[in-house]
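Before any comments, here is the structure.
Nothing in this text is a laboratory measurement; each read-out follows from the coordinates by a stated rule. Predicted model, so just to flag it, every value in this text is computed and none were measured. Glycine also receives a Cβ, built like all others from the backbone with ideal geometry; neighbour counts cover every protein chain displayed.
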Amino acid sequence: MLESSFLFLIEVIGTVAFAISGIRWASIKEFDWFGAYTVGLVTAIGGGTLRDLLLGIPVFWMQTWWYVAVTGIAFAVVVVFRRLLVGSGRMLNIFDTIGLSLFVVIGIQKTLDAEFAMWVAVIMGMITGAFGGVLRDILINQEPIFFRKEVYATACIAGGVVYWIVGQLGGTPIGQGVACAFTVIILRLLATYYHWTLPIIKSE
């Protein structure tokens with residue numbers, strides 16, 4: 001029961017964080033209200049949708065209306081606190097990082113619940129965390145951060161590995177989730193602060 005409540009809580013927080021991230025980007029690009037809401041919703045549900053399709057399980061947001069409602073709440077938050085949220089690049093990175101880290105945990109746990117191997121769960125964790133951001137960037141017509149040299153998808157994989165290691169050491173699912181999320185958050189923040197990047201493939 002505790003584990004179920006924990007997963008539900010982080011899914012709510014992750015949905016709000018990613019929705020705010022998407023809506024904020026849409027506001028920077030001067031989308032109208034419907035366009036901004038759509039970008040926020042796609043950011044919040046995109047990764048989980050691809051995950052569920054690949055796993056062959058019912059798509060999560062089609063089972064309940066609250067994902068649509070939570071995105072609406074996130075939209076209202078951005079409208080009310082527009083100056084604080086839209087005017088700060090640091091705030092954007094924080095919301096994106098929180099959503100990324102929590103959705104990696106959700107992706108891993110749901111994959112394991114579907115009785116797939118751990119290595120599949122790590123990949124699905126990355127997809128759940130990062131693919132919504134890919135769709136967001138496509139919708140707002142910018143190069144997806146997933147394909148840039150920034151430490152983004154790599155942080156998701158690292159979080160998945162930590163999830164597995166903590167499990168091997170006898171940790172509980174909650175402990176695994178917390179360790180995974182903190183790993184992703186710390187790596188993203190450090191990479192942003194110290195400008196860590198991955199090598200790029202050059203044409204020459």
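Annotations for the structure displayed:
- Counting charges near Q109 (Lys, Arg +1; Asp, Glu -1) among other residues having Cβ under 15 Å from its Cβ returns a value of -3.
- The ranking of Y152, Y194 from fewest to most other beta carbons within 10 Å of each one's beta carbon is Y194, Y152.
- Put in line by how crowded their Cβ is, counting other Cβ atoms within 10 Å and starting with the fewest, I57, I157, I201 read I201, I57, I157.
- Sum of side-chain charges, V120 neighbourhood, beta-carbon under 14 Å (Lys, Arg +1; Asp, Glu -1): -1
- Placing unit charges on the Cβ atoms only, positive for Lys and Arg and negative for Asp and Glu, gives the chain a dipole magnitude near 480 debye about its Cα centre.
- Least to most buried among M118, M126 (fewest other Cβ within 10 Å first): M118, M126
- Considering only A153, T128, F8, and ranking their Cα positions along the charge dipole of the chain that arises from unit charges at the beta-carbon of Lys, Arg, Asp and Glu, the one farthest toward the positive end is A153.
- Of the residues V68, H195, I57, the one whose Cα sits farthest toward the positive end of the charge dipole of the chain, with +1 on the Cβ of Lys and Arg and -1 on the Cβ of Asp and Glu, is H195.
- Diffusion coefficient (Stokes-Einstein, Kirkwood radius over C-alpha pairs, 37 °C, 0.692 mPa s) for the chain: 193 µm²/s, rounded to a whole number.
- Kyte-Doolittle mean at least -0.5, axial Cα span of 27 Å or more - DSSP H helices of the chain: 2-28, 33-55, 89-113, 118-139, 173-194
- Cβ-based charge dipole, the chain, positive-most Cα from L85, F103, T183: L85
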